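Novice: This is the structure, below, for whatever I ask next.
The values are calculated or read from the model by the stated rules, or taken from the named source; none is laboratory data. Note that the structure is predicted; figures quoted are calculated from it, not measured. All Cβ positions, even for glycine, are placed from backbone atoms using ideal geometry, and neighbour counts span all protein chains on display.
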Amino acid sequence: MSVPCRGRVVCGALLTYRDDPARVGLEHAVLHHLRGAVAVDSDGRIAWRGRAAQLPARFRSLPVDDHGTSLLLPGFIDAHTHYPQHRMLAAPGRDLLDWLHRFTFPEESRYAAPAYASAAAEVFLDRLLRHGTTAAVVFSTVHRQATEILLAAAERRGLALVTGKTMMDRNAPETLRDDPASGVRDSEELIERWHRRERLRYAITVRFAVTSSEDQLRAAGELAARYPDCHVHTHLAESEREIAAVKRDFPWACDYTDVYDRFGLIGPNSLLAHGIHLSERECERLSQAGATVVHCPTSNTFLGSGLFDIERLRQVQRPVGIGIATDIAGGTSYSMLHTMGEAYKVAMLHGHTLGAHDLFHLATRGNAVQLGLDDEIGCLEPGRWADLVVLDPAATPVLQERQPLSRQLEDTLFALAILGDDRAVRATYVAGRKAWTRPGTNGTLGHLAPGAGAPLVAGARH
Ligand code: GUN
Ligand code: ZN
């Protein structure tokens, strides 16, 4: 059970997105107040947000966390990551399949032991919070118990988590294989117990077509039809050798997307990690289905999988929904800031420039929209959960030296995306409760002075 929040006001340089800046332009999308405030109610939801000087009288007696000139944003959302890979960052494989067999499968096999899984779940979730990530879509292992352990640990923290037991019945060590019947039985029991409990959601999770038989894909599709409210989470078109294996194993399919599609796994709730090597037909089909392809830049460069072409997927005549994610531990950083920076570089290698607002939108409201959770998270609007991240634009000497170059908000955001990491995260709030504070940060600075428009906290330390 999550820890209750008793209401508070959080102040800082407020930034949130009302819409997608890449689609509607900055002036319609960006909401920014240099001295902003978010009032949180006792349930942990946003009761009000706006200029600090205009804070309504009814919130003035609440305790205040004043973060001065630090940026106050919705918490980051990581749209694809793996909790059982948290001990194996920087494991070098020749490519995806080599990396899976050499490092990943042996490590995931250890999650049969509840103590091993428990320790990992605690560290993994705390690490998300330290990096300013307040919601995530997470791969577990094939083990039902390891998945329950993660769900319970997320529930204790009050986190918004989308996860599910991995289904995989072939091309993996025996210790990591289920079968079509047990995979569905375990998944269904987990859905009944955990889906929509507190802030948790269940994702019907097929690892990828390489590790599932046709019987298993069919069973997963039937499960998705029985639970249309659950997400479907898998990997798609990440590496050349993977695609060749899928072609060999499913000769009747016209392409990789078609394999999932024929079994009912492509739809508006589908989250498909990578999607680097997609044909025009696949883009059209994914666009038509309203599915989401999740860009994982640090993973794609680390495993040599390829360079995701975000502009191509966004083509207006058949836009494919796009999320952004770390993909720990194909990915090499928990930081969504670092992930944005790498997405920028990958786009540059295709000759495209991604603006800083575009990147920050992707990691907050953009991911929330793709997950269908934008009524709950991703922006600072009344009624949404008060999941917040506070970013210090001068967190490190290098960022400090870079600051004079920043003439406008976009410059500051860009520097954070290229140079920032967990050191830039001053505080993280989950449902209004402070879940992480950078050591040495002076957080709660008192109560607001009574009277309309009174200065918030004189001499607030930054
Ligand atoms: N494809 C199938 N499994 C995995 C995985 O664990 N990581 C990545 N990056 N791709 C995958
Ligand atoms: Zn992955």
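Novice: Yes or no: the stretch 427-448 includes at least one residue that is more than 23 Å from Pro74 (Cβ to Cβ), surrounded by 18 or more Cβ atoms within 10 Å (Cβ to Cβ) and modelled with pLDDT of 95 or more.
Specialist: The answer is no, given that none of the residues of the stretch 427-448 is more than 23 Å from Pro74 (Cβ to Cβ), surrounded by 18 or more Cβ atoms within 10 Å (Cβ to Cβ) and modelled with pLDDT of 95 or more.
Novice: Being more than 16 Å from ligand 2 (Cβ to nearest atom) and either surrounded by fewer than 23 Cβ atoms within 10 Å (Cβ to Cβ) or closer than 30 Å to Arg241 by Cβ (or both): is that true of Ala37 here?
Specialist: Criteria not met by Ala37.
Novice: Follow-up question, since we're still on this one. Among the residues in the stretch 272-289, are any hydrophobic (A, V, I, L, M, F, W, C), over 30 Å from Ala415 (Cβ atoms), modelled with pLDDT of 95 or more and within 16 Å of ligand 2 (Cβ to nearest atom)?
Specialist: yes
Novice: On to the next question. Among the numbered criteria (1) of a type outside the set (A, V, I, L, M); (2) surrounded by 17 or more Cβ atoms within 10 Å (Cβ to Cβ); (3) within 16 Å of ligand 2 (Cβ to nearest atom), which single criterion is violated by Gly221?
Specialist: With (1) of a type outside the set (A, V, I, L, M); (2) surrounded by 17 or more Cβ atoms within 10 Å (Cβ to Cβ); (3) within 16 Å of ligand 2 (Cβ to nearest atom) applied to Gly221, the lone miss is (3).
Novice: Taking the stretch 233-244 on its own, how many of its residues are more than 14 Å from ligand 2 (Cβ to nearest atom), among the hydrophobic types (A, V, I, L, M, F, W, C) and in contact (Cβ under 8 Å) with a residue 12 or more places away in the chain?
Specialist: 1
Novice: If you go through the stretch 314-327 one residue at a time, do you hit one that is over 27 Å from Asp422 (Cα atoms), more than 16 Å from ligand 2 (Cβ to nearest atom), out of contact with any strand residue (DSSP E or B) (no Cβ under 8 Å at 6 or more places or on another chain) and in a helix (DSSP H, G or I)?
Specialist: No, because not a single residue in the stretch 314-327 is over 27 Å from Asp422 (Cα atoms), more than 16 Å from ligand 2 (Cβ to nearest atom), out of contact with any strand residue (DSSP E or B) (no Cβ under 8 Å at 6 or more places or on another chain) and in a helix (DSSP H, G or I).
Novice: Could you list, in sequence order, all residues of the stretch 72-89 that are more than 14 Å from ligand 1 (Cβ to nearest atom) and in a loop (DSSP other than H, G, I, E, B)?
Specialist: Gly75
Novice: Specify the residue that is farthest from ligand 2 (Cβ to nearest atom); the eligible residues are those in the stretch 95-109 that are touching a residue at least 12 places away in the same chain (Cβ under 8 Å) and either surrounded by fewer than 16 Cβ atoms within 10 Å (Cβ to Cβ) or basic (Lys, Arg) (or both).
Specialist: Only one residue tops the list, namely Pro106.
Novice: On the given criteria, is Ala52 touching a residue at least 60 places away in the same chain (Cβ under 8 Å) and of a type in the set (A, V, I, L, M, F, W, C)?
Specialist: The answer is yes for Ala52.
Novice: Please go through (1) under 30 Å from Asp374 (Cα atoms); (2) away from ligand 2 (no atom under 15 Å from the Cβ) for Lys247 and return the number of the only condition it doesn't satisfy.
Specialist: Going through (1) under 30 Å from Asp374 (Cα atoms); (2) away from ligand 2 (no atom under 15 Å from the Cβ) one by one, Lys247 breaks only (1).
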